Amino acid sequence: MTKRFLSYKGLLLLFGIYLVLLVGIKSEMINFYWEGIFKLALINIILVVSLNLATGLLGQLNLAHSAFMAIGAYTCVFITRNLFFPGFINFLFGLFLGGMAATIFAYLISAPAMKIPGNYLIIATIAANEIIKDLIINLNILGGSSGIHGINYYSNFSFVYLIMALIIIFIYVIKDSKYGRAIMCIPQNEMLAKSCGIDTFHSKLFVFSIAAFFAGVAGGLYAHEMTVIEPNMFDFSYSLELLAMVIIGGLGNIIGSIVSAFIFSVMPYVFNIGSELKVVIHVIMMIIVIIFMKKSLILDYKRFLVDAWNDMKKKVW
Amino acid sequence: MILLKLNKLNLVFNDMRVIRDLDFIVEEKEIVGLIGATQSGKTVLFDLISGFYKANTGKIYFEGEDITKFSVEKKSQLGIARTFQNGSIFSELSVKDNVKIGFYNFINYNLKNVILRSKKFFGEEKRLSDEVYNVLKMFGLEYYENLLAGDLSYGLQGKLDIARAIACGPKLLLLDRPTNGMDKNEADEFMDIIKMVNKKFSTAIVLIENDIDLMMNICDRVVVMEYGTVIASDKPVEIKNNQALASISFS
Amino acid sequence: MDILNKLIDGFEMASIYALISLALTLGANINGMINFIMGQLFVISIYMIAFLCDLKIPIIISVLIAIAVCVVINLLIKKYVYDLVKKHSQMMSLIVSIGASFVIQDIFVFIFRANPKKLFYTVNGIYKLGIIEINYTDLLCLLVFLFIMLASYLFVKYTRLGKIIRAVSEDSESTALMGIDNDKIICFVYGICAGLVTIAGSFFCITFSLVDPFSGNMIILRSLIGAIIGGLGIVSGSLSKSVIGALCGGFAVGLFEILIKNYAVAGASDIFLFCILAVYLFVNNKKFLRRGKN
């Protein structure tokens, strides 16, 4: 699938979807309200895909993603308000520096993150999330608990789609190489990977940092789309929702992440479910998936369906 | 020519001396059997050689170079390959990808080539595919190349294990109970494969097994360990017939 | 001496944190995973006790009824959610437990709305010991806390059931082979955890005058920090020490919080706590034990 995706078929698909959506927007068939929802869906795709990198390919679940996003968002807003370049260039700088700030934070917490066993890492990432949130609330230059309002609106549809497409292409490019194979084998048998010459520590660090970078960029896009940010948007419950999307889509399964992120971002608005129930449904689905998941880190729906089909055939015959 | 030399190694875990004053030598192209009671330190010795544990005192020399403090990855790049007890394959990767990982140290492109998808990248990947196919053919695994490694039978997994380990022609191969779980026929077939690997790749092999009969035909030398140190080192026949050692239960 | 009075003021919250820390530690040791729904059980118990007391039911009976309900909820979640995900790693169990706590919270908010509820059950009365003034509630909480510390230590260390519980937490495979029904023991301990959380809820009822469905979130995180610093995950093979550690850790968190509130920046106690946790995990990362066989 990876080879085909990277070839013209995959790129055509990406471009094709873009054209369809663009036509819809320009011709007013997709109105402003839905355009915003789609854009949020694209941002969520970036977040979910990068979280899948950090967790599915590393075998460690972490809840720090909304902290990376918060850092990226606030840094980006700070840059776009204070730097001296013309508007959109500021934004580009802001996105990049937001990503870098998130990466630096990831780097700082990665040293302990690598050494602490999985379940304590989750608690540590919850703690990191809360620290970031509390810092934002308490530091007045960051707007305190009422957040920052009146952010310039830079994230138009084409740009957000472009960033998302670049990130997806980047991930596939890496996946189909020796680095991608190395990253995929680490969660399966880390000692064996090491003995094959793979530097597991730096590989994990690299992936963790890249995932944080993408989350930071997504945070910048988010801030300039919503035009308002406040600390409560970046609670660790958002991390949990993202993790739910990752698990439902399948750990290690990039296309699954894209699909589940899109569906879960758009569904609540299709069915008019209030925000209270939205999180509940995501999380319940995640729990159901975990209950029925076979004991492996990489969930493969294709295999699951194939096995189920074979079981059914056996019963019929 | 001495390939690997262990000199007075000591390892202490939680106030317990696991390896004590261990001396061990492996010559080039030699097949050495390693045997001993449980907990006598055989696997720990492998861990020390490959770098998962660092000895408290003592030195390890590989081809004359002091590699005592090297990391696991660096030792692998020098040409030390190893398998682990209970199957060391990547069960969620395909058979082909498992062997590709075996070639990891010898793929010559960097991140820039990957991102820009340069000619070098495609060239190396093609070369890799060809070499992987050759290795699989050598072990009779070429028909399974796209199956998931976890779906293979136990015997085939063992073969895949070796295929991955010798993919880049290491100078030293450490095998930790590779025939665990195999029946007698599979185990004998496996020993033939080991002999073939040794001849074809000129790889020195250290083999941990529980059954001295398996070692009779292929090992040039058998080393007996007990309580973390070497107590005997001789031809297999001599070890088997040695009355003093017969009292040690090999398991 | 002012500082002593301020500390005594903090005994109620400190006891709450201590009891929840103990509940988390016991649950974690016996079942290999941290049971996050304790936070929601805490809130549910507060609402229940308040509701029952509103109906003029005596407080002791209300507390007992609340204990029963919380035990039932805990066991239901255990049986129909936690047991089904045991086949995965500990991480997954933790995510599931965090998820379950979110689900319970949102269902609660959906049914009862997010409005805060008034509590009228503060008991008034001050004892004076020399220059120290101690509230009636503070004294009650402190005494119950000390009683529970003593009782749980003696129970775990010297009674037969306590020894069985210790055995199951250390090595459930061997205890199963020896004929002990692990599941019953785990259910028993889960029942105790729910009971402890409900008692903590009753402390909250007599101390504060307002509760909302989100009160539990930060409280469980702080209790968890107390439990971890008290030795959760590191001090294994000695449940009795873990018990004391958890109780003291939770109590210390409460005292720390009251000190920071009074003598430093008001909203900063959480940041300090989390930083302390981060430093602690960082420094001790080599000592963390893995559940079951190493």
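The values are calculated or read from the model by the stated rules, or taken from the named source; none is laboratory data. Because the structure is a prediction, the values reported are computed rather than measured. Ideal geometry is used to build each Cβ from the backbone, glycine not excepted, and the neighbour counts take in all protein chains shown. Calculation scope for accessible area: heavy atoms of the full protein, side chains included, ligands and nucleic acids excluded. Shrake-Rupley method; radii C 1.70, N 1.55, O 1.52, S 1.80 Å.
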Ignoring ligands, DNA and RNA, please state the percent of accessible area on the range B:82-169 from carbon and sulfur, probe 1.4 Å.
52 percent
Hey, how many Å between the Cα centroid of the range C:160-192 and the Cα centroid of the range B:170-192?
41 Å
Just going by the charge dipole of the protein assembly as shown, with Lys and Arg at +1 and Asp and Glu at -1 on Cβ, which of B:VAL32, C:SER93, B:VAL223 is farthest out on the positive end?
B:VAL32
Summing -39500 (n - 2.57) over the DSSP H runs of n ≥ 4 in chain B and dividing by its residue number, what mean residue ellipticity at 222 nm do you reach, to the nearest 500 deg cm²/dmol?
-11000 deg cm²/dmol
Taking the simple approach of a point 7 Å from Cα along Cα-to-Cβ for both B:LEU111 and B:LEU78, what is their distance in nm?
2.8 nm
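Within the range B:96-143, report the GluC sites (Glu not before Pro) that DSSP leaves as loop and that have at most 14 other Cβ atoms within 10 Å.
Working: sites: B:GLU124, B:GLU125, B:GLU131, B:GLU142; in loops: none.
When the GluC sites (Glu not before Pro) of the range B:96-143 are filtered for loop state and at most 14 Cβ neighbours within 10 Å, nothing remains.
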Using R₀ = 56 Å, calculate the FRET efficiency as 1/(1 + (r/R₀)^6) where r is the Cβ-Cβ separation of A:TYR18 and C:VAL283; round to 0.05.
0.70
HN-Hα J in Hz across the range A:129-136 - Karplus 6.51, -1.76, 1.60, θ = phi - 60°, x for Gly and Pro:
4, 5, 4, 4, 4, 5, 4, 5
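So, for the range C:41-176, what is the accessible surface per residue at a probe of 1.4 Å, expressed in square angstrom? Can you show the working numbers first?
Working: 7170 Å² over 136 residues.
The answer is 53 Å² per residue.
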How large is the dipole of the protein assembly as shown about the Cα centre if only Lys and Arg carry +1 and Asp and Glu carry -1, each at its Cβ, rounded to the nearest 20 debye?
640 debye
How far is helix C:136-158 tilted, in degrees, relative to the longest principal axis of the Cα atoms in chain C, given as a value from 0 to 90 rounded to the nearest 10?
20 degrees
Any idea of A:GLU28's accessible area? Nearest 10 Å², probe 1.4 Å.
140 Å²
Mind checking which of C:PRO213, B:LEU136, A:LEU95 is farthest towards the positive end of the protein assembly as shown's charge dipole, using Cβ charges of +1 (Lys, Arg) and -1 (Asp, Glu) about the Cα centre?
B:LEU136
What does the average come to when, for each residue of peptide C:72-85, you count the partner chain Cβ atoms lying within 10 Å of its Cβ?
1
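Where does each of A:208-216, A:131-139, C:183-191, C:54-62 land if you order them by average Cβ count within 10 Å, highest first? Before the final figure, lay out the partial values.
Numbers: A:208-216: 26.7, A:131-139: 19.6, C:183-191: 17.9, C:54-62: 12.3.
Answer by packing, highest mean first, reads A:208-216, A:131-139, C:183-191, C:54-62.
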Rounded to the nearest 500 deg cm²/dmol, what is the calculated helix-only ellipticity per residue at 222 nm for chain C, with -39500 (n - 2.57) per DSSP H run of length n ≥ 4?
-24000 deg cm²/dmol
Alpha carbon convex hull of the range C:1-85, volume per residue in cubic angstrom:
115 Å³
Can you give the convex hull volume per residue for the Cα atoms of the range B:82-169, as a whole number of Å³?
95 Å³
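I need to check one value: relative contact order of chain C, counting alpha carbon pairs closer than 8 Å and at least 6 residues apart, in percent.
About 36 percent, as a whole number.
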On average, how much accessible surface per residue is there in chain B, in Å², for a 1.4 Å probe, leaving out ligands, DNA and RNA?
46 Å²
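Compute, for chain C, the length of the dipole vector about the Cα centre, with Cβ point charges of +1 (Lys, Arg) and -1 (Asp, Glu) only. Units Debye, rounded to 20. Before the final figure, lay out the partial values.
Numbers: 23 positive and 16 negative charges, 140 e Å.
Dipole magnitude for chain C comes out near 680 debye.
May I ask you to derive the relative contact order of the range B:82-169, considering only C-alpha pairs under 8 Å and at least 6 residues apart, and to give it as an integer percent? Can you show the working numbers first?
Working: 89 pairs, mean separation 46.3, N = 88.
Rounded, it is 53 percent for the range B:82-169.
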Counting lysine pairs in the range B:82-169 that sit 8 or more positions apart or on different chains, with Cα atoms under 19 Å apart, gives 11
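I'd like the mean, over residues of C:102-108, of how many other protein chain beta carbons sit within 10 Å of each residue's own Cβ.
On the way: counts 10, 8, 1, 4, 10, 4, 0.
Mean partner-chain Cβ count within 10 Å for C:102-108: 5.
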Charge-dipole axis of the range C:150-198 as Lys and Arg at +1 and Asp and Glu at -1 on Cβ define it, positive-most pick from C:LEU177, C:LEU154, C:GLY191:
C:LEU154
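Can you pull the Rg over Rh of the protein assembly as shown, Cα-only, Kirkwood? Don't skip to the answer; put the middle values down first.
Numbers: Rg = 30.4 Å, Rh = 30.2 Å.
My calculation puts Rg/Rh at 1.01.
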Could you name the lysines in cross-link range of B:LYS235, using Cα to Cα under 26 Å and dropping any fewer than eight places away on the same chain?
B:LYS5, B:LYS8, B:LYS29, B:LYS42, B:LYS59, B:LYS171, B:LYS184, B:LYS195, B:LYS199, B:LYS200
Counting only protein heavy atoms and rolling a 1.4 Å probe, how much accessible area do C and A lose on contact, total for both sides, in Å² to 100?
3600 Å²
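Work out which trypsin sites (Lys or Arg not before Pro) in chain B are exposed loop sites (DSSP not H, G, I, E or B, at most 16 other Cβ within 10 Å) and give the longest gap free of them. Please report the intermediate quantities before stating the final value.
Numbers: sites that count: B:LYS29, B:LYS54, B:LYS69, B:ARG117.
In chain B, the maximal stretch lacking such sites is B:118-251.
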Distance (nanometres) between label positions extended 7 Å along Cα→Cβ at C:ARG160 and C:PHE51
4.0 nm
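Is there a simple number for the mean count of other chain Cβ atoms within 10 Å of the Cβ of residues in B:95-105, and what is it? Could the numbers behind the result be given before it?
Working: counts 0, 0, 4, 4, 0, 4, 10, 2, 4, 9, 4.
Rounded to a whole number, the mean comes out at 4.
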